[in-house]
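The values are calculated or read from the model by the stated rules, or taken from the named source; none is laboratory data. Bear in mind that the values here come from a model prediction, so they are computed numbers and not experimental data. Here the Cβ positions follow ideal geometry from the backbone for every residue, glycine too, while neighbour counts run over all protein chains shown. These area figures cover heavy atoms from the full protein model, side chains too; ligands, DNA and RNA do not enter into them. Shrake-Rupley method; radii C 1.70, N 1.55, O 1.52, S 1.80 Å.
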Amino acid sequence: MKQVQLSHGGGGEETNKLIHDLFYRHFKNDILIKAEDAAVLQTQGKIAFTTDSFTVSPLFFEGGDIGKLAVAGTVNDLSMMGAKPLYLSSAFMIEEGFAFEELERIVESMAEELAKSGAKIVCGDTKVVPRGSVDKLFINTAGIGEVMREGISSQAIQEGDVIIASRDIGRHGATVLMAREGLEVSADLGSDCETLWPAVEALLAENISVSALRDATRGGLAAVLNEWAENSDVCLEIEEAAIKVSDEVQGICEMFGFEATDLANEGTFVAAVAPMHAAFAVSALQRFGFCRDAAVIGRATTQYPGKVVLHSAFGSRRFLDLPKGELLPRIC
């Protein structure tokens with residue numbers, strides 16, 4: 001099997017071949033193939049800028065891989081600011097001996113995910129390091145997007161705002177755990193990894209009054225809600241029965257003692273919208289297959305500012321705290 005060698009990161013003929021025969025072939029666009037030291041970009045108005053690094057283990061999992069995760073994760077961070085994803089950078093840190101076949105599979109996955117938002121990889125870097133210096137493959141990205149709606153912020157949530165979850169929660173964390181531990185579960189469980197821009201774009205196109213958006217990645221739904229409550233100094237009162245959790249994820253949680261609200265997601269987001277637009281927002285989201293379970297899960301009040309209150313189906317209530325400890329390392 002053909003493998004990546006140290007010479008592929010040396011800057012010579014092998015590096016040139018790797019860049020042209022693999023990366024340019026899948027990421028080709030007019031800006032990238034100029035092969036300049038920096039990409040010169042054309043934008044209008046305000047831009048959003050983000051960066052991220054991806055070190056998931058295992059590299060391939062049901063519903064995605066590190067490449068799909070890198071593109072979707074970066075595009076989603078821009079989308080959560082109401083920004084249309086435009087340009088990405090991508091830097092690969094590859095361990096010597098990594099299989100070319102797997103690298104190409106990852107690059108192809110990235111190209112497919114880019115097509116969903118129309119974003120382009122316009123610059124990048126490749127480093128090949130000795131065995132043991134990295135765990136197979138790390139990917140670093142940065143992204144630039146054009147802000148289509150200003151004022152979307154975790155500090156903009158007001159009393160009365162309705163909280164919407166775009167789908168069921170916890171799939172990515174549960175899927176990665178299954179893959180890492182080699183668990184054999186006869187169930188349809190896969191990561192929710194997905195580019196969210198089309199759904200966000202639909203909310204903006206419907207002129208829905210959106211206070212805040214956030215993808216519920218590390219720390220899951222619980223982390224997002226607690227950050228929002230603190231940043232906006234409101235109480236978020238959440239109906240536990242309204243939070244959708246698949247039977248498969250619930251089973252994993254019961255097996256390992258996890259809370260589904262703490263598990264990572266990679267294609268699930270939370271929205272805070274004005275109450276008069278809640279039904280319109282849910283309807284707009286449900287037009288997308290990955291948001292078919294979109295639902296209102298709570299609202300912002302002044303009951304306990306800075307806190308998240310979880311109401312059970314039995315009439316009891318408790319504070320939903322930030323996740324603690326290290327539940328699932330290397331999930332993104």
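Things to note:
- Of the residues screened, residue 233 is not one that is among the acidic types (Asp, Glu), at pLDDT 95 or above and closer than 24 Å to residue 195 by Cβ.
- For region 41-95, filtering for residues that are in a helix (DSSP H, G or I) and either out of contact with any strand residue (DSSP E or B) (no Cβ under 8 Å at 6 or more places or on another chain) or open to solvent by less than 10 Å² (accessible area, probe 1.4 Å) (or both) leaves 13.
- Among the residues of this structure, residue 157 counts as one that is assigned to a loop (DSSP other than H, G, I, E, B), surrounded by 20 or more Cβ atoms within 10 Å (Cβ to Cβ) and modelled with pLDDT of 95 or more.
- Residue list for region 247-275, restricted to those being farther than 22 Å from residue 326 by Cβ and either surrounded by 20 or more Cβ atoms within 10 Å (Cβ to Cβ) or of a type in the set (D, E, K, R) (or both): 247, 248, 267, 269, 270, 271, 272, 273
- Failed item, numbered, when residue 11 is tested on (1) of a type outside the set (Asp, Glu); (2) closer than 16 Å to residue 146 by Cα; (3) surrounded by fewer than 15 Cβ atoms within 10 Å (Cβ to Cβ): (2)
- Single match in 170, 143, 151, 124 (criterion: under 30 Å from residue 45 (Cβ atoms), modelled with pLDDT of 95 or more and open to solvent by less than 50 Å² (accessible area, probe 1.4 Å)): 143
- Filter result for residue 114 (open to solvent by less than 20 Å² (accessible area, probe 1.4 Å), assigned to a strand (DSSP E or B), out of contact with any Asp or Glu (no Cβ under 7 Å at 6 or more places or on another chain) and closer than 27 Å to residue 15 by Cα): no
- Residues of region 279-306 that are within 16 Å of residue 205 (Cα to Cα) and open to solvent by 10 Å² or more (accessible area, probe 1.4 Å): 279, 280, 282, 283, 286, 287, 288.
- Pairs with Cβ under 9 Å, 6+ apart, first in region 6-23 and among the β-branched types (Val, Ile, Thr), second open to solvent by less than 50 Å² (accessible area, probe 1.4 Å) and modelled with pLDDT under 90: 15/9
- The C-beta contact set for region 290-304 (first residue aromatic (Phe, Trp, Tyr), second residue open to solvent by less than 10 Å² (accessible area, probe 1.4 Å), distance under 6 angstrom, 6+ apart or interchain) comprises 290/267; 304/235.
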